[in-house]
Amino acid sequence: MPAKDEVVAVAGREVTVTNPDKVFFPSTGHTKLDLVRYYLAVSEGAVRGVAGRPMALKRFVNGAAGEFFFQKRAPTARPEWIETAVLSFPSGRTAEEVVVRDAAQLLWVINLGCIDLNPHPVRAHDLDHPDELRIDLDPLPGVPWGQIRDVAMVTKTVLDDFGLVGWPKTSGSRGIHIYCRIEPRWTFGEVRRAALALAREVERRAPTIATSRWWKEERHGVFLDYNQNAKDRTVASAYSIRPTQDARVSTPLSWEEVPSCQPEAFTIVTVPQRFARMGDPSAGIDDAVGSLEPLLELSAEHEAAGFGDAPWPPHFVKQEGEPPRVQPSKRRMAGPPVREGVVPQPAPGKTVGPTGRRRTTMPLIEIARAATEAEARQGLERWRARHPDIWPYLSLPDVMVDSMRGRNTTWTRIRVNLRNVPEAERPPQEVLEVDYDPWHAYQGPDRSGSLERPRRIAKTKEANEGRGSSG
């Protein structure tokens, strides 16, 4: 028999928690009510990280081990005390998104099945001018944690030199985030320019461990993802629980903690105790507002020296001055077009292979298509066990772990580049270790570039009326 709803009194309101005993983390046994209690314990810090910011709802209605979907539009059935703001996106569409300002609104969001919080870098009263510069340190697979910490410390030095105060936190996943409060007087494009200039400066100072290169084939070490500052991009906020097996938390740190911190130390169990003991290391973030002028001056110097813009995310309209959105290895040289390379064979039972329908000069094979990165990596380990003589030939860039866009969520593809494997020893394309179809049973418009795209099937009125979900 389902447990009765729980009612939590907070911030002068009563928040109903439905299905409180529903397990959200099978490995640890934590339930939805445990999530609510966690966020209540750290509510001061968690609200600070999202206060007044529109947010996309990332809903895990079947728990952390299940699929999630992004819901940009606020549920129509909501209390009158839930605030919203209408955002416009690069696609031209608009959405009325939830805005959280207190602990009651925060817990209402968590009850919808949201595990982490994903706010925009703007406040509801000014949706065109970010007040937050976000630095996302994203390591390539296999990069040791110590190297990520080293890049974070170099980034701090650069921020100090350019008059900005950085506030670090673990991402709760594989990286580190650094946020800077800025005056809300620059556009998204200008904030992104400043982030790109910062990334290039960090790369200049630490060229062996940091990179600003957008294309994965050119990256090494830790990538400073400047495009997280483009409009419509969101990042998990401070004190967000992440959907990992051990329920890790994106945890604010002091800079003194960064050189020795370990991400596994911060979980749904340990962070409330830490918060009660020492408070929030990022408590002063709203009082440390800085200017982007020095970084924008650096950007102008880069442009004068011949460093133009860098690629934007693929779903953005082509920008003026943006370089070609084609991997460097695939760009055509001057002269008549030459059809180089081949379209790799698909895995048995599939209609497209590792590069879709594009040609490549690289000997690529596809290993897995999985709903989660963890499942994809398990498939990679099984492939590795079957081919122990091949693995020593591979370097880090040869194993490509890609996050792919599905219907309302993402999925993971793993490919292997056999370029360093002697041709006579290269294994053939085999049946996928994990064969997840993100379009299974999908009835709706396709997305350009998606693998195994379905034909379009018109939605019926009955189907639209039956798409409600609950956490």
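Numbers below:
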{"quantity": "Count of residues meeting criterion [in contact (Cβ under 8 Å) with a residue 12 or more places away in the chain, among the basic types (Lys, Arg) and touching a helix residue (DSSP H, G or I) at 6+ places or on another chain (Cβ under 8 Å)] in region 360-385", "calculated": "1"}
{"quantity": "Output for region 321-357, where each listed residue is modelled with pLDDT under 70 and at positive phi", "calculated": "GLY335"}
{"quantity": "Single residue of LEU164, LEU140 found to be aliphatic (A, V, I, L, M), in contact with a helix residue (DSSP H, G or I) (Cβ under 8 Å, 6 or more places away or on another chain) and modelled with pLDDT under 95", "calculated": "LEU140"}
{"quantity": "Subset of region 422-442 that is more than 33 Å from the chain's Cα centre (by Cα) and part of a loop (DSSP other than H, G, I, E, B) - its residue that is surrounded by the fewest Cβ atoms within 10 Å (Cβ to Cβ)", "calculated": "PRO422"}
{"quantity": "Residue within region 141-164 that is assigned to a helix (DSSP H, G or I), touching an Asp or Glu at 6+ places or on another chain (Cβ under 7 Å) and either crowded, with 18+ Cβ neighbours inside 10 Å or not β-branched (Val, Ile, Thr) (or both) present", "calculated": "yes"}
{"quantity": "First in region 386-401 and under 17 Å from TRP215 (Cα atoms), second anywhere and surrounded by 14 or more Cβ atoms within 10 Å (Cβ to Cβ) and charged (D, E, K, R), Cβ under 6 Å, 6 or more apart", "calculated": "MET400/ARG415"}
{"quantity": "From TRP391, TRP383, TRP411, residue being surrounded by 16 or more Cβ atoms within 10 Å (Cβ to Cβ), among the aromatic types (Phe, Trp, Tyr) and farther than 23 Å from GLY66 by Cα", "calculated": "TRP383"}
{"quantity": "Condition check for VAL47: within 15 Å of SER237 (Cβ to Cβ) and either outside any loop (DSSP other than H, G, I, E, B) or without any contact (Cβ under 8 Å) to a residue 40 or more places away in the chain (or both)", "calculated": "yes"}
{"quantity": "Qualifying residue in region 374-382 (condition: farther than 23 Å from PRO427 by Cα and at pLDDT 90 or above)", "calculated": "yes"}
{"quantity": "Positions within region 115-126 being buried (at least 18 other Cβ atoms within 10 Å of the Cβ) and either in contact with a strand residue (DSSP E or B) (Cβ under 8 Å, 6 or more places away or on another chain) or assigned to a loop (DSSP other than H, G, I, E, B) (or both), in sequence order", "calculated": "ILE115, ASP116, LEU117, ASN118, PRO119, HIS120, PRO121, VAL122, ALA124"}
{"quantity": "Subset of region 300-319 that is assigned to a loop (DSSP other than H, G, I, E, B) and under 14 Å from ARG193 (Cβ atoms) - its residue that is modelled with the lowest pLDDT", "calculated": "GLN319"}
{"quantity": "Number of positions in region 165-203 that are hydroxyl-bearing (Ser, Thr, Tyr) and part of a helix (DSSP H, G or I)", "calculated": "0"}
{"quantity": "In region 75-97, the residues that are closer than 30 Å to ALA370 by Cα, in contact (Cβ under 8 Å) with a residue 24 or more places away in the chain and under 21 Å from the mean Cα position of the chain (by Cα)", "calculated": "PHE89, PRO90, SER91, GLU97"}
{"quantity": "Residue check, GLY66 without any contact (Cβ under 8 Å) to a residue 24 or more places away in the chain, outside the structural domain of PRO438 (by TED's automatic domain parsing) and either buried (at least 18 other Cβ atoms within 10 Å of the Cβ) or not in a strand (DSSP E or B) (or both)", "calculated": "yes"}
{"quantity": "Test result for THR360, modelled with pLDDT of 80 or more and either in contact with a His (Cβ under 9 Å, 6 or more places away or on another chain) or surrounded by fewer than 14 Cβ atoms within 10 Å (Cβ to Cβ) (or both)", "calculated": "no"}
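To keep it simple, each residue is scored yes or no on (1) farther than 20 Å from SER173 by Cα; (2) of a type in the set (S, T, N, Q); (3) crowded, with 22+ Cβ neighbours inside 10 Å; (4) touching a residue at least 40 places away in the same chain (Cβ under 8 Å).
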position: VAL222; (1), (2), (3), (4): no, no, yes, yes
position: TYR226; (1), (2), (3), (4): no, no, yes, yes
position: TYR239; (1), (2), (3), (4): no, no, yes, yes
position: ARG248; (1), (2), (3), (4): no, no, yes, yes
position: PRO263; (1), (2), (3), (4): no, no, yes, yes
position: PHE266; (1), (2), (3), (4): no, no, yes, yes
position: ASP286; (1), (2), (3), (4): yes, no, no, yes
position: LEU292; (1), (2), (3), (4): yes, no, yes, yes
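The values are calculated or read from the model by the stated rules, or taken from the named source; none is laboratory data. Note that the structure is predicted; figures quoted are calculated from it, not measured. Quick reminder, even Gly has a Cβ in these numbers, built from the backbone with ideal geometry, and neighbours come from all protein chains shown.
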